[in-house]
Amino acid sequence: MQTQEKEKQTETRHMLLNVGPSHPAMHGVIRFIFELDGETIVSADTEIGYLHRGFEKMCEVGPYNQAIPYTDRLNYVSPLINNFAYCLAVEKLMGLKVTERCQYIRVIMSEISRVTDHLTCIGATAMELGAFTAFLYMMKAREFLYELVEQVTGARLTVSYGRVGGVKADLPEGFADQTRQVLKEVRKVLKEVDKLLSRNRIFVDRVKGVGVISKEDAIAYGITGPFLRSTGVNYDVRKAQPYLIYDRLKFEIPLGTNGDNLDRYYVRMEEMEQSMIMIEQALDQIPPGVVRIHEQGEPMVAAQMVDEAKMGRIAGIAQRNVLLDPTLQGSTKGFHEKVNVEDKKTVLPPKEATYGNIEGLMNHFKWVMFGHGIRPPKGEVYFPVEGANGELGFYIVSDGTERPYRVRVRPPCFPIMAAIGKVLEGGMMADVVPTFGSVNMIAGELDR
Amino acid sequence: MDILNQLKSKFSEYVIETHSQCGDATLVIKKEGVIPLFSYLKTSPELDFNFLMDLTAVDYLGREGSRFEVVYHLYSLSKNHCLRVKVDVGEEDSSLDSVSSLWPAANWYEREVWDMFGIKFKGHPDLKRILMYEEFQGHPLRKDYPVNRRQPLVKPVPMN
Amino acid sequence: MKMLESATGFFTSRLQDAIGWARKYSIFQYPFVTACCGMEYMATAASHYDMDRFGAGLVRFSPRQSDVLFVVGTISQKMAPILKKIYDQICEPKWVVAFGVCTCTGGFYDNYATVMGIDTIIPVDVYIPGCPPRPENVLDGLMKLQEKIQRQKQEV
Ligand code: SF4
């Protein structure tokens, strides 16, 4: 009797709580406004756009190849996939097909990126749930992979490695062995983390049955990638619409059943393993690359080659290999023949030609000068690839000039973030952190 | 390309043209056809386009006819096929029907198109800016918006 | 009299040094992480590069508890008011590190959405260029900041 009266008197109101945009558990800038009834979320409002950097507008400003550095910074955890997706879209528009070796390189590098992405995602989620050790282990593994990426591309993160019609440089010597070694290390780390997390009461209790999304909702919201696969829908661009040489590799698509955070964790863990299997297969299958040819005379320093050419002594240098400084590594003759397409209008000429003869020089200038460069035919194209968080598609409209008329990227995070309010509703406030972590939201790609 | 032909004959009053450049089946329609066509695409069992993969717009400033084109990319999971639908939208009456009742995914995409291009969607539940801030004037991805016209919220501190 | 003066002078300068020394090795940072540079920030903070060696290991996520603001990543016009607010909330003495070329000058995002360098909004003490800066570079910047903290007049 008394309590009832008391209840009548105490008036309860919903509370509004603002989280973000700069919040410790929000890795990435995003703002939530929650309406709370006690600890339960009644409704969630998501606000994005804090990292809008005008990617699409910037692409329209410069020539085609100048958009590549911007694509790095879309999903900065797996920049290589973005690079290749953009290049593949432009190549599709131009009707080009890159060489076998280059396709393998692209696949290997994409899969390495995917592993780094998932490592970051799980590591950060675990850290936010208090498992700091797992985060440190994951970062250690990521560091190994970054070192690998750095050897190939020259940068750890913002790589700009893809080029329309090829890649910037061939794989370095001894890459295959080293990768195998690194994968062994990564596997070790993953095993350790698996032990730390998969049967950890605290971790499992906080992620199991939390952040559930149904199959139908996921499809209706256009969600793809691990988030969709955790609900049991089998959609992976690599299988559904195979590109590059994915149809030659044997791999499986891990699927979940419940669509909760735990399933997403498992899917990501398993995907890493599958990616590593793919890398190993690709390393076995990759057609051989350039073997350094010494018969063609001693290598010559670039500056010397230019001087010789200026004096007209080109007969001697036509056959020789140029010695470049490290930033241009891989831009030499042998590499070009193996990796880049045979289309003078698409790729830069090898440095021997640029330094050594006038055609090469003109070719080079035709490519880099303002108002010149590659010119895909008029038209439009959409090319999807499987990014680390889902389908990453580039829609490019060309008006026949050297600049893209419009570049649109379909960001994989965007639909997920559109749905996250719905996923969070009805849950507890403390569940926001694991659910948000499992999305692996990358602000750069969400807001562009 | 039988999808295209089939749709062309079924919706002949709305379809302006079809093409399949680079193998992407494309349909260009008038904006009156948005609701009938998309509901058919979504519900018809032999097409079954259950994914709205992407929705964006392109500004063809200065071209003859309508200025904007709203571009939809659809995908069907069960049939594994894709379709691109483009809707012509003129400058004076730049509004068309929202498809967010068919695919909830369209909700945010349409907000983005409104934000970036200023194309209105009729029947959208909550059409407001998404990437830019409310105080922002104009629509940055329009071709006549200069790349570096800034509208700062915090005025830059002058150099001493 | 004179002796006393010089003695106090000696002690105050010693005290200055001591405070500076204490301050430079107990940096509580607030990472204002927005974009790609955050990945390198993470790498620097993790065990491989280990920021803790410099007494800057403990990251505080409340502006009231921190004294060095690390601005990591592009600041858009929409984000600018928030950055300013957080800067204002940090208690004195405070320092600001601009991490990455986006925060130093705006980098290559010269368009309608971005702020061309955070020093147009808030004062900056150390600039770490690079897109993103390598962890070694970040540590170098941190050491420069420590030097600066040591050298400056310590207000208590
Ligand atoms: S400086 Fe480069 S890496 Fe850092 S936030 Fe800016 S674009 Fe990203």
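The values are calculated or read from the model by the stated rules, or taken from the named source; none is laboratory data. Model, not experiment: these values are computed from the prediction. Every residue, glycine among them, receives a Cβ derived from its backbone with ideal geometry; neighbour counts consider all protein chains shown. Calculation scope for accessible area: heavy atoms of the full protein, side chains included, ligands and nucleic acids excluded. Shrake-Rupley method; radii C 1.70, N 1.55, O 1.52, S 1.80 Å.
Couple of notes before you dig in:
- Qualifying residue in the range A:128-139 (condition: crowded, with 23+ Cβ neighbours inside 10 Å, under 30 Å from B:ALA105 (Cα atoms), within 14 Å of another protein chain (Cβ to nearest Cβ) and not acidic (Asp, Glu)): no
- Filtering C:THR34, C:THR74, C:THR44, C:THR12 for residues that are open to solvent by less than 70 Å² (accessible area, probe 1.4 Å), of a type in the set (Ser, Thr, Tyr) and more than 9 Å from chain A (Cβ to nearest Cβ) leaves a single hit, C:THR44.
- Taking the range A:174-201 as the range and being over 17 Å from A:LYS140 (Cα atoms), in a helix (DSSP H, G or I) and of a type outside the set (Gly, Ala, Ser) as the test, the residues that pass are A:PHE175, A:ASP177, A:ARG201.
- When A:ARG206 is tested against the conditions (1) free of Cβ contacts under 8 Å to residues at least 60 places away in the same chain; (2) more than 21 Å from A:VAL385 (Cβ to Cβ), the lone failure is (1).
- Any hit, the range A:82-95, residues being within 11 Å of chain C (Cβ to nearest Cβ) and touching a strand residue (DSSP E or B) at 6+ places or on another chain (Cβ under 9 Å): no
- Screening A:VAL233 on (1) within 14 Å of chain B (Cβ to nearest Cβ); (2) outside any loop (DSSP other than H, G, I, E, B) shows it passes everything except condition (2).
- 3 or more residues away from the ligand (no atom under 16 Å from the Cβ), in contact (Cβ under 8 Å) with a residue 60 or more places away in the chain and open to solvent by 10 Å² or more (accessible area, probe 1.4 Å): qualifying helices (runs of 4 or more DSSP H) within the range A:369-448: A:413-424
- Total residues in the range A:202-230, condition open to solvent by 10 Å² or more (accessible area, probe 1.4 Å) and in a helix (DSSP H, G or I): 10
- Note on the range B:45-82: among residues that are of a type in the set (Gly, Ala, Ser) and open to solvent by 10 Å² or more (accessible area, probe 1.4 Å), the one that is nearest to B:SER101 (Cα to Cα) is B:SER78.
- Tabulated pairs, the range A:44-71, first facing another protein chain (nearest Cβ under 7 Å), second open to solvent by 10 Å² or more (accessible area, probe 1.4 Å) and hydrophobic (A, V, I, L, M, F, W, C), C-beta under 6 angstrom, 6+ apart or interchain: A:LYS57/B:VAL147; A:VAL61/B:VAL147
- Any hit, the range A:45-59, residues being farther than 27 Å from B:ARG129 by Cα, under 20 Å from the mean Cα position of the chain (by Cα) and at pLDDT 85 or above: no
- Single residue of the range A:62-75 satisfying the filter (open to solvent by less than 10 Å² (accessible area, probe 1.4 Å) and of a type in the set (Ser, Thr, Tyr)) that is farthest from the ligand (Cβ to nearest atom): A:TYR64
- First in the range C:61-84 and in contact (Cβ under 8 Å) with a residue 60 or more places away in the chain, second anywhere and of a type in the set (Asp, Glu) and surrounded by fewer than 24 Cβ atoms within 10 Å (Cβ to Cβ), Cβ under 9 Å, 6 or more apart: C:VAL68/C:ASP125
- A:VAL407 being over 25 Å from A:LEU255 (Cβ atoms), within 11 Å of chain B (Cβ to nearest Cβ) and of a type in the set (Val, Ile, Thr): yes
- Considering (1) part of a loop (DSSP other than H, G, I, E, B); (2) within 30 Å of A:PHE132 (Cβ to Cβ); (3) modelled with pLDDT of 80 or more, the lone condition that A:PHE32 does not fulfil carries the number (1).
- Residue ranges of helices (runs of 4 or more DSSP H) in the range C:30-141 with at least 1 members of a type outside the set (S, T, N, Q), farther than 27 Å from A:PHE144 by Cβ and more than 12 Å from the ligand (Cβ to nearest atom): C:80-89
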